[in-house]
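A short write-up of the structure that comes next.
The values are calculated or read from the model by the stated rules, or taken from the named source; none is laboratory data. Keep in mind that what you see is a predicted model, and the values were worked out from it rather than measured. Note that we place each Cβ from the backbone using ideal geometry, even for glycine, and neighbour counts take in every protein chain shown. The protein model used for the area step is the full one, side chains on, heavy atoms only, and it has no ligands, DNA or RNA in it. Shrake-Rupley method; radii C 1.70, N 1.55, O 1.52, S 1.80 Å.
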Amino acid sequence: MAYRQRSELMQPMMFFILVISLFPLGIGPNPETLQKVGPGVIWVAAILSSLLGMERLFKDDYNDGSLEQIMLSATPLPLVVLVKVLAHWLTSIVPLLLLSPLLALFLNLTEPMYWALLSTLLLGTPLLSLVGAIAVGLTLGLNRGGVLLALLLLPVFIPLLIFATAAVEAASLQLPYSAQLAIIGAMLLISLALAPFAIAYALRSESELMWKWLHPYAKTQNAYQLCERLLPWFVVSAFISFTLGMVWGLLFAPSDYQQGDSFRIIYIHVPSAILSMGAYSAMAISAFIGLVWQVRTAFMAMIALAPIGAIVTFIALFTGAAYGVNLCGEHGGCGMRA
């Protein structure tokens, strides 16, 4: 199917070449500068190029009904999606690897740097296709999911980018980079083991999750009714937990042997920090549901969580600063928290 649409097959390659060609024009032709930024430029261009054709990974099969036939066939769906991901890697990313020697020469990379770069690309680019296919399965039903796909995947690829560029930097300093390659290889093996099943689950549940679980609560009336049923239970459990925690922490917990009773502010600081991270994590999940499945009540939940997260974050910052001032002022030294 990729070779029937050769214009789309050429788009990642042309984008890859153009992005790398523009950097020397923007930052100047200094060989040392190009050598320093070259590995990161090639990896960023490879990630962006892989995203161009990723949206169509299952799109054509979804539109013509072939995907449903594949799901109903006797062939295991994880095996089918693994083959399609492999085909995507061979047609979209392997041509980029074939161009890498010329572009490495263009960016003044040394021979050790190039071999390190090629090793990271061989280990890391299949990871792009495997992880990207999971996001494609989640956003399959959207009409314009390309931008959302990039927003979902680019933060996920940051660790891979860090370890890949660190390996090339170590090679430039004549240092061993086997540790970075081992980490990337471990990420690839974990993805090979788990990603096909995650992709298959995402494809099967793309419509089922929406209509059976999320769609009923897309209506504001149903969402408010659910909140009214759950609110008393959450209020009672929160009040009991808060009362027991504060009483036990402020009255019964033993004093610190250095700071005395002043350390008890940590019993406010730590729960506030945990609540703030939980609130912002819930906002991220709500934003994901709202963007992917267009559920407006998810955006309402995100807006409602924002002031709560801001308040508990302020409490965590204030109590943490007070604890740090006490630790530095009374004992003549500042710990890591201060």
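Observations, loosely collected:
- Taking max minus min of the alpha-carbon positions on each principal axis, region 273-315 gives extents of 33, 14, 8 Å, largest first.
- Label-point separation, Thr33 to Leu48 (7 Å along Cα→Cβ), nm: 1.8
- Estimated 222 nm signal from helices in the chain, with DSSP H stretches of n ≥ 4 weighted -39500 (n - 2.57), rounded to 500: -26000 deg cm²/dmol
- Computed E for Phe318/Leu189 - FRET, C-beta separation, R0 45 angstrom, nearest 0.05: 0.50
- Region 91-177 - Debye-derived log10 I(q)/I(0), Cα point model, q = 0.18, 0.23 Å⁻¹: -0.85, -1.11
- Viscosity 1.567 mPa s, temperature 4 °C, Stokes-Einstein D of region 1-122 from Kirkwood C-alpha radius, µm²/s: 81
- Segments 122-129, 13-20 sorted - mean Cβ within 10 Å per residue, highest first: 122-129, 13-20
- With at most 13 neighbouring Cβ atoms within 10 Å, loop trypsin sites (Lys or Arg not before Pro) (DSSP) excluded, longest segment of the chain: 5-143
- Overall size of region 25-74 from C-alpha positions, given as principal axis extents largest first: 57, 20, 8 Å.
- Computed about the Cα centre, the dipole magnitude for the chain is approximately 500 debye when only Lys and Arg (+1) and Asp and Glu (-1) carry charge, each at its Cβ.
- When the alpha carbon gyration tensor of region 216-284 is reduced to an equivalent ellipsoid, its three semi-axes come out at 36, 15, 5 angstrom, largest first.
- Between helix 94-106 and the chain: long-axis angle, C-alpha atoms, 0 to 90°, nearest 10: 90
- Using a probe radius of 1.4 angstrom, the carbon and sulfur fraction of the accessible surface of the chain is 72%.
- Each semi-axis of the equivalent ellipsoid for the chain is √(5λ) with λ an eigenvalue of the Cα gyration tensor; in descending order they amount to 44, 33, 17 Å.
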